[in-house]
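Asks: Structure incoming, see below.
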């Protein structure tokens, strides 16, 4: 990552972000969707294990969410992004709902790991809250499709397994932050 005199840095995905965020990302060696995509994309034409292909599909969904609204993310767009047929997507997920469940599971696990690591490095409660805030901002800066898919899912009425997953994830996150306060 190259630094700019304006106090901003360029992320691997080409987006600019405040230097404090990129410094935090580098210091913590955070894994981003872009990291997963670049490592798996190199092997996308090869036969991948189901776990590797599922991770690649999740990464593609979040990358697409950066560029367009979640409603415009079709299984064909996902397939095109990773260089496989649409049918190949359904060898790894039974339906689109299962893809979204995997996306939110990745977000929950990744953000939880980032926060736990950030908070564990601090002693005082105030330092823990500050670290949690910076970790959250860095995570979103590195994965800008995340808020788009989360808030998109929550704006529709009704209950679905995907919406229940998002609510549970947000409730767990809220509980984790409340414990810091």
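The values are calculated or read from the model by the stated rules, or taken from the named source; none is laboratory data. No experiment lies behind these values; they were computed from the predicted model shown. Glycine gets a Cβ as well: all are built from the backbone with ideal geometry, and neighbour counts include every protein chain shown.
Asks: Based on what the data block shows, is residue 76 in a helix (DSSP H, G or I), out of contact with any strand residue (DSSP E or B) (no Cβ under 6 Å at 6 or more places or on another chain), modelled with pLDDT of 55 or more and outside the structural domain of residue 163 (by TED's automatic domain parsing)?
Replies: In short, yes.
Asks: Would you tally the residues in region 156-180 being free of Cβ contacts under 8 Å to residues at least 60 places away in the same chain and not in a helix (DSSP H, G or I)?
Replies: Final tally of qualifying residues: 4.
Asks: To continue, here is another question. Under 8 Å by Cβ, and 6 or more places apart or on different chains, what pairs join a residue from region 95-113 that is closer than 16 Å to residue 159 by Cα with one that is surrounded by fewer than 16 Cβ atoms within 10 Å (Cβ to Cβ)?
Replies: From region 95-113, the pairs are 97/160; 97/161; 101/161.
Matching residues to (1) over 23 Å from residue 80 (Cα atoms); (2) without any contact (Cβ under 8 Å) to a residue 24 or more places away in the chain; (3) surrounded by 15 or more Cβ atoms within 10 Å (Cβ to Cβ); (4) assigned by TED's automatic domain parsing to the domain that holds residue 76:
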{"site": "122", "(1), (2), (3), (4)": "yes, yes, yes, no"}
{"site": "132", "(1), (2), (3), (4)": "yes, no, yes, no"}
{"site": "139", "(1), (2), (3), (4)": "yes, no, yes, no"}
{"site": "142", "(1), (2), (3), (4)": "no, no, yes, no"}
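Asks: Working only within region 149-170, note down all residues that are within 18 Å of residue 113 (Cβ to Cβ) and loosely packed, with under 13 Cβ neighbours inside 10 Å.
Replies: Scanning region 149-170 gives a single hit, 168.
Asks: Do we find that residue 84 is touching a helix residue (DSSP H, G or I) at 6+ places or on another chain (Cβ under 6 Å), modelled with pLDDT under 95 and surrounded by 13 or more Cβ atoms within 10 Å (Cβ to Cβ) in this structure?
Replies: Criteria not met by residue 84.
Asks: I've got another one for you. Of (1) over 19 Å from the mean Cα position of the chain (by Cα); (2) under 21 Å from residue 175 (Cβ atoms), residue 147 satisfies all except one. Which?
Replies: (1)
Asks: Further, regarding this structure: Could you list all residues from region 120-155 that are in a loop (DSSP other than H, G, I, E, B) and farther than 24 Å from residue 71 by Cβ?
Replies: Those that are in a loop (DSSP other than H, G, I, E, B) and farther than 24 Å from residue 71 by Cβ: 121, 122, 123, 124.
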